[in-house]
């Protein structure tokens, strides 16, 4: 019973955050925050495709870091595709940008990825805490993002050259709801690095937005999708992995991961994490491997680099990839699993390698 109580005490704040931040992201989308941001980028790009793409990169990074990777994959992707088509440029580079950065940009803040939030428990036990997490994460997070953006620029350089016209206008939106949603999203950034449990500011923002929607347009409340199935699934994963670890899985994984904090040791931990994430999905991979990677803050961060930036090869490696592919199909953009695997392998190797190298140098 004590083990179950400890597990519940760790899981409940993470699941509360997941529900609250999903509500915030859904309402921000309904309010037009992503639509306006993308069309602002189209105008600010001054008809240069490279400039527009770099602005979308910035929006994707900000969305992933503050609102989590699934927000970028689900809500920003269709907007980016639509904007690209409206100004007459190929949508694939923009779609690949939101997919890859949804994963590789999800290291900087604990709230950027559920794996990071789960890791906070161990960082606290190691005496590191949220600020210590940031000090460890900034270098690998920046390195992974830079490697991803550089590869995207290289692979899509032809499509990203030239100019575009005309500027596409955003859809009409309720200005009050738009402003409130925008302010909430912006305010969450500082709140998430303040040291407060992330579930608290995200819950406050969600309540403010729900009340605003109820006042401005109650019919929109029916369009807010709360991820109850994901909550149940994550809860079940915790229990299954905990049982497996107590029945021999821990010893097997410990032999694979090894010990130590040298560059080679960190590469081993991150590499195992990346391979496991592609094989069985990044969340169960993290849950299983954290038990044998949490002796040091550097080892735990190396695991996060692997399971966050690595699952880009197989479509089931990250839930964000599955959601992204569904949104692409809905938008009429077909991307084959073979193409994703080939391109994703390049990105995974570069971003994980860059992140682990930066961790070894600056961690």
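Only the coordinates and a few stated rules stand behind these numbers; no lab work does. Since this is a predicted model, take the numbers as computed values, not measurements. Because the Cβ atoms are built from the backbone with ideal geometry, glycine has one as well, and the counts that use them run over all protein chains shown.
Ordering 286, 164 from the fewest to the most neighbouring beta carbons within 10 Å gives 164, 286. Report note on the peptides 355-363, 302-310, 207-215: ranked by the mean count of other C-beta atoms within 10 Å, highest first, their order is 302-310, 355-363, 207-215. For the pair residue 240 and residue 12, the difference between a 0.36 nm per residue extended length and the Cα-Cα distance amounts to 80.4 nm. The ranking of 230, 96, 301 by Cβ neighbour count inside 10 Å, starting from the fewest, reads 230, 96, 301.
Relative to the longest principal axis of the Cα atoms of the chain, the long axis of helix 199-216 lies at roughly 30 degrees. Across the stretch 184-339, the relative contact order, built from alpha-carbon pairs under 8 Å that are at least six residues apart, equals 16 percent.
Our Cα-only numbers for the stretch 77-171 put the radius of gyration and Dmax at 17.6, 55 Å. Rounded to the nearest 0.05, what FRET efficiency is calculated for residue 40 and residue 334 with R0 set to 22 Å and r the Cβ-Cβ distance? It comes out at approximately 0.15. For the chain, the spread of Cα positions along the three principal axes, ordered from largest to smallest, is 59, 48, 33 Å. Short-range pairs are left out: with C-alpha atoms under 8 Å and at least six residues apart, the relative contact order of the stretch 2-362 is 24 percent.
On the beta carbon distance between residue 250 and residue 153, with R0 = 45 Å, the FRET formula returns roughly 0.60. Be a star and scan the stretch 287-303 for residues whose amide nitrogen sits under 16 Å from the point 7 Å along the Cα-to-Cβ vector of residue 259. Flagged as within label range: 291-300. Computed extension length for residue 173-residue 210: 11.7 nm, one decimal, from 0.36 nm per residue of separation with the Cα-Cα distance subtracted. Report, in degrees rounded to the nearest 10, the 0 to 90 angle that the Cα long axis of helix 337-362 makes with the longest principal axis of the chain. With both axes taken from Cα atoms, the answer is about 60 degrees.
Let me see the P(r) profile for the stretch 300-348: every Cα-Cα distance counted, bins of 10 Å, each bin given as a percent of all pairs. Going out from 0 Å in 10 Å bins, the stretch 300-348 shows 27, 49, 20, 4 percent. For the chain, the longest principal axis of the alpha carbon atoms and the long axis of helix 114-125 meet at an angle near 40°. The order of 342, 155, going from fewest to most other C-beta atoms within 10 Å of their C-beta, is 342, 155.
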